[in-house]
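Nothing in this text is a laboratory measurement; each read-out follows from the coordinates by a stated rule. Computed from a predicted model, the values in this text were never measured in an experiment. Ideal geometry is used to build each Cβ from the backbone, glycine not excepted, and the neighbour counts take in all protein chains shown.
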Amino acid sequence: MKVLVLGSGGREHALVWKIAQSDKVGKIYAAPGNAGIAELAERVDIDVNDKKKLLEFAIAKGVDLTVVGPEAPLVSGIVDLFADNGRRIFGFDGRGALLEGSKVWAKEFMRKYRIPTGGFAAFNDHCAAQRSIEEGTPPFVIKADGLAAGKGVFVCETREQARNAAERMMKAGEFGEAGKRVVIEEYLEGPELSILAVFDGKDYRLFAASQDHKRAFDGDTGPNTGGMGAYSPVPWLDHALSEKIRIEIIEPTLNGIQAEKISGAGVIYFGLMITGEGPKVLEYNCRFGDPETQVILPLFKGDLFEVLYEATGSNLESVDFENSADSCACVVIASGGYPGPYRKGHRISGLEEADDTGCILFHAGTAIRDGEFVNDGGRVLCVTAVARNLNDALEKAYRGAGMISFQDCFYRRDIGRRALES
Ligand code: AMP
Ligand code: GLY
């Protein structure tokens with residue numbers, strides 16, 4: 001079988017790595033892929049948002065399954081286009097992708113299907129949003145309605161910060177169309193958890209739960225990033241809490257997706273906060289998480305190609321789906337300055353040594369110049385390790401990360417630490 005994977009991050013490297021292990025797969029294309037993916041797949045120079053060209057490519061090459069990594073092509077309706085042309089594609093249709101593509105839509109969906117989430121109000125009008133801030137009590141959570149690459153959420157300790165955030169989004173237009181409408185949301189507290197479900201329109205299966213680390217620096221300080229590391233499974237998630245999440249959140253969401261007649265098969269990513277009042281949804285994503293995918297796929301014992309392929313035929317029930325009892329940890333090595341501006345093109349050393357430690361090196365922002373790997377993005381490498389328990393997985397991942405270096409690189413030293421202490 002021939003598979004086309006869309007995207008170029010660590011998530012897509014993990015997807016390609018796992019799909020390549022299927023004995024049913026003979027050829028993988030990656031559009032556009034990255035320098036690490038190039039070792040397993042043929043790179044194709046088509047933009048992930050150029051859905052017409054991607055369709056033409058899939059038809060010309062006889063691609064049997066297209067797997068969409070990032071959210072933007074889903075929100076712009078790539079699944080609708082492929083489905084209309086009779087091509088198999090893993091992902092939800094454009095309406096389904098609104099669960100991620102519009103915070104207002106997602107919140108209204110949660111209200112309609114009685115899914116626990118923080119209270120909220122949506123605003124189209126800047127003056128009305130400012131009035132609500134004057135009348136409310138801090139902290140405030142202000143979110144751009146549309147896609148903002150993880151940067152459209154402001155947790156504001158003071159009224160002044162909240163005013164500023166609303167102004168930047170709604171008046172200064174810093175987020176373009178995405179920020180013209182905002183959600184002001186109740187502030188929630190508690191540990192966060194990511195749960196990823198594959199849904200085929202009828203049945204679902206869950207990968208092991210994981211936890212991301214969104215802030216740039218140790219101790220959850222610094223700006224929000226795409227994710228600086230993750231681990232899986234989550235030791236404090238017991239059976240009772242898992243059941244509560246399943247009954248109150250996962251199943252009502254999937255029932256809602258069916259009731260809304262959303263089509264396609266895809267991943268629903270539940271971004272949860274475990275509050276004193278129980279688990280609540282912070283956000284939905286309509287795709288695999290990054291870096292969560294890098295820790296859940298090494299623990300997945302089945303054939304990922306088969307899972308994704310059968311899901312697109314509403315036949316998930318026919319496949320084996322088992323997660324190992326081991327633990328997996330991933331440390332993201334980033335370019336100095338990320339998530340702000342950073343310099344590219346520094347030579348990366350120590351990759352072979354890190355590989356020798358038994359770590360899996362998922363590439364995110366790397367490129368090859370003059371035969372050598374250089375940094376080419378904000379998040380550069382995801383050093384991933386599997387072991388029998390979380391402590392050992394973290395130790396191994398940090399041993400691997402310690403071997404790698406390039407000018408100004410940095411990584412968090414406390415991935416998984418809280419989980420070990422709990
Ligand atoms: P989101 O992209 O909606 O998941 O938000 C990004 C991050 O902002 C989350 O991972 C949380 O750490 C934080 N956050 C989002 N919503 C809330 C909320 N209602 N209360 C507190 N923190 C939040
Ligand atoms: N890890 C957060 C995300 O994928 O959105």
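Skipping prolines and chain starts, which residues have an amide H placed within reach, meaning under 5 Å, of the one on Val380, given they are 5 or more residues away or on another chain?
Excluding prolines and chain starts, which carry no amide H, the hits are Ile333, Ala334, Ser335, Gly365.
Students often forget the sequence filter, so: which lysines lie under 25 Å Cα-Cα from Lys24 once same-chain residues fewer than 8 apart are removed?
Filter leaves Lys2, Lys61, Lys202, Lys301.
Run the quick spin-label model on Ser349 and Trp236: label points 7 Å from Cα toward the beta carbon, then report their separation in nm to one decimal.
Rounded to a tenth, the inter-label distance reads 4.0 nm.
Residue by residue through region 281-296, which ³J(HN,Hα) values in whole Hz follow from phi under the Karplus form 6.51 cos²θ - 1.76 cosθ + 1.60 (θ = phi - 60°), with glycine and proline marked x?
7, 8, 7, 9, 10, 9, 7, 5, x, 10, x, 4, 4, 5, 9, 8
Contact order normalised by length for region 152-213, with contacts defined as Cα pairs under 8 Å and 6 or more residues apart; what percent is it? If you can, show how the numbers build up before the last one.
Values: 46 pairs, mean separation 12.3, N = 62.
RCO, region 152-213: 20 percent.
Evaluate the relative contact order of the chain (contact order divided by residue number), counting alpha-carbon pairs under 8 angstrom at least 6 apart; express in whole percent.
Values: 991 pairs, mean separation 70.8, N = 422.
17 percent.
Report D for region 154-306 in µm² per second (integer): Stokes-Einstein, Kirkwood Rh on Cα pairs, 25 °C, 0.890 mPa s.
Working: Rh = 17.4 Å.
In µm²/s, the coefficient rounds to 141.
For the chain, what does the alpha-carbon gyration tensor say about shape, rounded, prolate or oblate, given a ≥ b ≥ c as the root eigenvalues, a/c under 1.5 as rounded, and a/b over b/c as prolate?
Working: a/c = 1.36, a/b = 1.17, b/c = 1.16.
It comes out rounded by the Cα gyration axes.
Net charge around Val374, counting only other residues with Cβ within less than 13 Å of its Cβ (Lys, Arg = +1; Asp, Glu = -1)?
Details: positive: Arg343, Lys344, Arg347, Arg369; negative: Asp370, Glu372, Asp376, Asp408.
Summing Lys and Arg as +1 and Asp and Glu as -1 gives 0.
State whether region 267-417 is rounded, prolate or oblate according to the following rule on the C-alpha gyration tensor (a ≥ b ≥ c being the square roots of its eigenvalues): a/c under 1.5 gives rounded; otherwise a/b larger than b/c gives prolate, and the remaining case gives oblate. Show your work: numbers first, answer last.
On the way: a/c = 1.68, a/b = 1.55, b/c = 1.08.
Taking the square roots of the gyration eigenvalues as a ≥ b ≥ c, region 267-417 is prolate.
At R0 = 30 Å, how high is the FRET efficiency between Lys61 and Ile368 if r is their beta carbon distance? Nearest 0.05 is fine.
Details: r = 24 Å, r/R0 = 0.80.
The value I calculate is 0.80.
Tell me, how many Å apart are the Cα centres for region 324-394 and for region 34-83?
Between the Cα centre of region 324-394 and that of region 34-83, the gap is 24 Å.
Tell me which of Ile296, Ala144, Gly313 sits at the most positive position along the dipole axis of the chain, charges placed on C-beta atoms (Lys, Arg +1; Asp, Glu -1).
So the residue we want is Ala144.
Search the structure for amide H atoms under 5 Å from the amide H of Asp212, placed 1.01 Å from N in the peptide plane, and list their residues when 5 or more places away or on another chain.
Under 5 Å from the amide H of Asp212: Ser194.
With a sphere of radius 13 Å drawn around the Cβ of Val331, what net charge do the other residues whose Cβ falls strictly inside it have (Lys, Arg +1; Asp, Glu -1)?
Details: positive: Arg379, Lys396, Arg399, Arg412, Arg413, Arg417; negative: Asp212, Asp218, Glu395, Asp414.
Every neighbour counted, the sum reads +2.
Just to check I understand the Karplus step: with θ = phi - 60° and J = 6.51 cos²θ - 1.76 cosθ + 1.60, what whole-Hz values come out for region 331-338, glycine and proline as x?
10, 8, 9, 10, 7, x, x, 4
Where Lys and Arg each count +1 and Asp and Glu each count -1, what net charge lies around Ile257 among other residues with Cβ under 13 Å from its Cβ?
Numbers: positive: Arg95, Lys112, Lys202, Lys261; negative: Asp93, Glu100, Asp200, Asp203, Glu251, Glu260.
Counting the neighbours of Ile257, the net charge comes to -2.
What's the percent breakdown of Cα-Cα distances in region 204-293 across 5 Å bins, shortest bin first?
Per 5 Å bin, starting at zero, the Cα-Cα P(r) for region 204-293 comes out as 3, 11, 21, 24, 20, 13, 7, 2, 0 percent.
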